[in-house]
1. Evaluate peptide B:239-248: per residue, the Cβ atoms of other protein chains within 10 Å of its Cβ; return the mean as an integer.
2. Would you mind computing Rg(Cα) / (2.2 N^0.38 Å) for segment B:141-194, counting N as its residues?
3. Classify segment B:53-128: rounded, prolate or oblate, from the alpha-carbon gyration tensor (a ≥ b ≥ c, eigenvalue square roots; a/c under 1.5 rounded; otherwise prolate if a/b is larger than b/c)?
4. From the cross-link list A:Lys160/A:Lys278; A:Lys85/A:Lys184; B:Lys254/B:Lys276; A:Lys30/A:Lys163; B:Lys218/B:Lys256; B:Lys256/B:Lys276, which pairs have alpha carbons spaced over 18 Å apart?
5. How big is D, in µm² s⁻¹, for segment B:255-306 by Stokes-Einstein at 10 °C and 1.306 mPa s if Rh is the Kirkwood radius over C-alpha pairs?
6. What is the Rg over Rh value, at two decimals, for segment B:298-439, using alpha-carbon atoms and the Kirkwood definition of Rh?
7. Could you go through segment A:184-192 in sequence order and give the Karplus-derived ³J(HN,Hα) for each residue, using 6.51 cos²θ - 1.76 cosθ + 1.60 with θ = phi - 60°, rounded to whole Hz, and x for Gly and Pro?
8. Classify the protein assembly as shown as rounded, prolate or oblate, taking a ≥ b ≥ c as the square roots of the eigenvalues of its Cα gyration tensor: rounded when a/c is under 1.5, otherwise prolate if a/b is larger than b/c and oblate if not.
Amino acid sequence: MEALLQITFGGLIFGSIYALAAIGIVMIYKTTDVVNFAHGEMAMITTFISFTFLQMVGLSFFVSFLLALIFAAIFGMTVYQAIIKRVQNAPPLNQIVVTLGLFLAFNGIAGLIWGYTPHGYPSALRGDSFQVGSVFMSPHQLFILGITLALMILFFILFKYTKIGLAMRATQQDMQTSSLMGIKVSQVFNLTWAAGAILGGVAGILTAPITYLEPSMMIDILIMGFAAAVFGGFVNLPGAVIGGLIVGVYSNWVSYYIGSELSVAFVFLLIVLVLYVKPTGLFGAKYVKKV
Amino acid sequence: MEEVFILIRGTLMMKWKSTYLFILSLGMIIFLTACGGESEQTGSDAEGNNSDGGSTGEEVRGVTDDEIIIGNIVAQSGPQAIYGQIAQGIQTYFDYVNENGGVHGRQLKLLAYDGEYTPAVEMQQAQRLVEEEEVFLMLGNDCTPCNTATKEYYEEQGVINMMLGSGAQQFYEPPSDFFFGSEIANYRIETRVFYDYAVNELDAGRIAIVYQNDDYGKEGYEAVEAVRDDYDAEVVTEVPFVANEEDYTTHAQKVKDADVDTVIMLSTPNPAARLKQEFHAIGLTDINYIVSSVGGNDTTMFELAGEDVWEGTYSAGSIPVPDAPEAEGNEAIETYLEQYTEAYPGENYSGVPQWGYAGAEVFVEALERAGEDLNYDTFREALYSFDNWTEGTYAGVTFSPENHYGLTTLFMTRAQNGTIESVTDLINYDPETGEINYE
């Protein structure tokens, strides 16, 4: 029982990271209809920027964290304005090829600038592990859990109850009508890409102390983030978070009781089963687009 | 009517001529192909025995009166680009030798190509270096799967590979005429030494083997399997993992459940650091942690895992780390440090670049011993004369017709006070008897 609780807690931590990656992917898709395969690599670049502030400029963790997130917002908007906007109305396959191309380009650029040697990255909250009952937990792990839940609630409220959230939803449903209704579509997209890049950046900065900082650090996280997003329904923010947590915990159970080599295979098997029973994902609703 | 007969006869004659010409042409093609094939197969005779590709008549491929061309393929881009430092280490020593007059009047020219840690790419680069550049031999190639993929090609072409960046058994057992030595200790030898040291020196009784579930990790695991009954200790759990796994919480928990006193970890750096972090996270701090030299014998591990976490970790080395106390007064190490930091200022100088530099030292020493009349025969004889050679940065290098390992001497290290220090004298492994001797 002691082991089960410990690995379940460990699964919740990694699940939170998958969830953070998934929220960013879902948010951009929900608003702009673009599946951003470069999301993880954008997060990795933001994390390298924070590392530069931290190590080379010598700023504190939280100042570096905030500056990196400002960079992420500008970075997200730049990617949208310079590249994605041009393919906004292109067929989905073209959009996929463009974001896959960005994935490779960002990975290569990061390698050229910062090299491929992994770097250690400091935790947000340092301190020794402590025991709650039989479960060991560290301040950094609790920080990851807290940030994930806070961001999920924040973005859920933003989407559901604010004007900008309404504009985002309207734009996703019908870009032209939204524009005629006075919504500045371009601004909404800018904001969405900025927010998506910030979410990715947070995921990267929280992941780096665990997986170490290197250009390929987000590749596996992104795959599991996509799995979490699909699991949760792909257009549902709380669904993406719950999907991430389920994927994290389930993956750890498989790893412990069956074998770590099979955990990814079993995660995707579970997703196939879920999609077979409920093709829209666990929390996805059937969505009919007006024509 | 007669005209018809003439026409039929003419047609038959033409058909016969065509058939005759076709058979003749086919025969000539087969003959020419056979001749061509024979001229290309410099590496194997009719019985399949390997022959030298280094010498063609009196000329030796890649060798002139004033130059020797050497090939190298390591990852210079991509996630494994750290191994590009092997080429930097080789180049540093070659520059040093060339500045001092070369070897027997010949300058050393290194052609280092990017293999991207990908077997298909490394095969293309091998063909380019062997067939277009006509190198004398290959030195310090990285990547076990890449070396596996190209092994047969080099043997067919009759090209010597020396000081591979792989400690896999297949290149040294049985001894091949075209494979000599590794830059890092053989994985099986190293793990045998770990097990011996853990039981006899650290009084280990309950041991966990955590291993990377691929060709690299399994080599060490199999080495322990072969000798576990010879020792008064028990392997109580075996935990395999995949190299690119992110989460090590379950692996740490499995080790904790097994209640062990020693963990032997056979992995690359990231998993080794991650697992020890997870041990600390769940309060498992009072165990011996022994990590293979590829994954643990580098000061950068303090940065990855954290100084307090990495402190106390055991590993093995065959070259002293430049910052370690035992490196003080070691002339070869001091020369290395001076040359490398001048050539690559501000870059990491411990670990991987040392492999390339040390491998180049062995190669140059063999060239010196081979004399002015350099060919594969004289070169092999020169290698077989290495008997615990200690004048380079390696702790000891030995070759013989039965021993192509090269590195059978190593020492145990421990992470202490931010550096990697030697905690034993030299440990010698005899490949013929399997005996381990502590000096």
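Nothing in this text is a laboratory measurement; each read-out follows from the coordinates by a stated rule. This structure is a prediction, so every number in the text was calculated from the model and none was measured. A quick note on method: Cβ atoms are made from the backbone with ideal geometry, for glycine too, and the neighbour counts reach across all protein chains shown.
1. That average works out to 6.
2. 1.09
3. Oblate, since a/c reaches 1.5 and b/c is not below a/b.
4. Where the Cα-Cα span goes over 18 Å, the pairs concerned are A:Lys160/A:Lys278; B:Lys218/B:Lys256.
5. Translational diffusion coefficient: 142 µm²/s.
6. In segment B:298-439, Rg relative to Rh is 1.01.
7. Per-residue couplings from phi come out as 7, 4, 4, 5, 4, 5, 4, 5, 5 Hz.
8. Oblate.
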